[in-house]
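The values are calculated or read from the model by the stated rules, or taken from the named source; none is laboratory data. Predicted model, so just to flag it, every value in this text is computed and none were measured. Glycine gets a Cβ as well: all are built from the backbone with ideal geometry, and neighbour counts include every protein chain shown. Heads up: the accessible areas ignore ligands, DNA and RNA and are worked out on the full protein's heavy atoms, side chains in. Shrake-Rupley method; radii C 1.70, N 1.55, O 1.52, S 1.80 Å.
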Amino acid sequence: EPEVTQTPSHQVTQMGQEVILRCVPISNHLYFYWYRQILGQKVEFLVSFYNNEISEKSEIFDDQFSVERPDGSNFTLKIRSTKLEDSAMYFCASSEEGGRGPQHFGDGTRLSIL
Amino acid sequence: SQQGEEDPQALSIQEGENATMNCSYKTSINNLQWYRQNSGRGLVHLILIRSNEREKHSGRLRVTLDTSKKSSSLLITASRAADTASYFCATDFKAAGNKLTFGGGTRVLVKP
């Protein structure tokens, strides 16, 4: 069964550094998402992406964050200048139908900011 | 917050028993979805129930939706040790585009 893949599985970065989290969504899906889960807390929506542009973003997704679909298969999340509070699991998801249908999640990238 | 809390927060049962968990929400939805998360892994979609549906089954899973009470329940029948995981409800709110809003989850431990 097709699946969403995320790399790396674990990223350790110094505060203030830039990180890029990578995702390969399921190939025929049109809607892409990033969510994050701080340890012990709820899964939180960050951003959705459709038709090569951001369709919605949360208040968490400030100017430090950006997303890109550089080559038609990858979907990346960049954090420009990381803060301690960015430490979390970051999940990529993709969907055929947007919110009207199931979203398929990757196994996540654990981001640790030192 | 548009999303209520799930209850219970944690549930411990013996293999073979049923597990029931509940989810509440606060505003109108298009659909409600249930996901499972094994420790250290991503979320796995289990079942989706649309706002005009009242009950849905998938294998040992049964989901109900009561839009008048703004609540849903997930029942796992004849539980197995492999069902040990966290279970989350997620709602697609009508006013919220196509993102999902997750509840806090129920941690289920099935003892062999």
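Among the hydroxyl-bearing types (Ser, Thr, Tyr), assigned to a strand (DSSP E or B) and more than 11 Å from chain B (Cβ to nearest Cβ): does that describe A:Ser66? Judged against the criteria, A:Ser66 is a match.
Scanning segment B:27-68 for residues that are touching a residue at least 24 places away in the same chain (Cβ under 8 Å) and in a loop (DSSP other than H, G, I, E, B) yields B:Thr27, B:Ser28, B:Asn38, B:Ser39, B:Thr67. B:Trp34 meets each of the listed conditions (1) out of contact with any Ser or Thr (no Cβ under 9 Å at 6 or more places or on another chain); (2) crowded, with 16+ Cβ neighbours inside 10 Å; (3) within 14 Å of chain A (Cβ to nearest Cβ) apart from (1). Those residues that are part of a loop (DSSP other than H, G, I, E, B) and farther than 16 Å from A:Glu53 by Cα, I need them from segment A:72-95; list them, please. The answer is A:Arg80, A:Ser81, A:Thr82, A:Lys83, A:Ser87.
If you go through segment A:6-57 and keep only what is within 11 Å of another protein chain (Cβ to nearest Cβ), in a strand (DSSP E or B), of a type in the set (Ser, Thr, Tyr) and open to solvent by 60 Å² or more (accessible area, probe 1.4 Å), you end up with A:Tyr50, A:Ser55. Please tell me if B:Arg107 is closer than 29 Å to A:Glu3 by Cα, open to solvent by 60 Å² or more (accessible area, probe 1.4 Å), within 14 Å of another protein chain (Cβ to nearest Cβ) and outside any strand (DSSP E or B). When the stated conditions are applied, B:Arg107 does not pass them. Of the residues examined, B:Phe93 is not one that is within 13 Å of chain A (Cβ to nearest Cβ), of a type in the set (Phe, Trp, Tyr) and under 19 Å from A:Gly40 (Cα atoms). Scanning segment B:49-77 for residues that are surrounded by 14 or more Cβ atoms within 10 Å (Cβ to Cβ), closer than 21 Å to B:Asp7 by Cβ and either within 14 Å of chain A (Cβ to nearest Cβ) or hydroxyl-bearing (Ser, Thr, Tyr) (or both) gives B:Ile49, B:Lys56, B:Leu61, B:Val63, B:Thr64, B:Thr67, B:Ser71, B:Ser72, B:Ser73, B:Thr77. Beta carbons closer than 6 Å, at least 6 apart along the sequence or on distinct chains, pair a first residue in segment A:100-114 that is within 10 Å of chain B (Cβ to nearest Cβ) with a second that is part of a loop (DSSP other than H, G, I, E, B) for A:His104/A:Val4; A:His104/A:Ile26; A:Phe105/B:Gly42; A:Gly106/A:Val4; A:Gly106/B:Gly42; A:Asp107/B:Arg41; A:Asp107/B:Gly42; A:Gly108/B:Gly42.
With respect to the conditions (1) facing chain A (nearest Cβ under 9 Å); (2) surrounded by 14 or more Cβ atoms within 10 Å (Cβ to Cβ), B:Gly40 lacks only one, and its number is (2).
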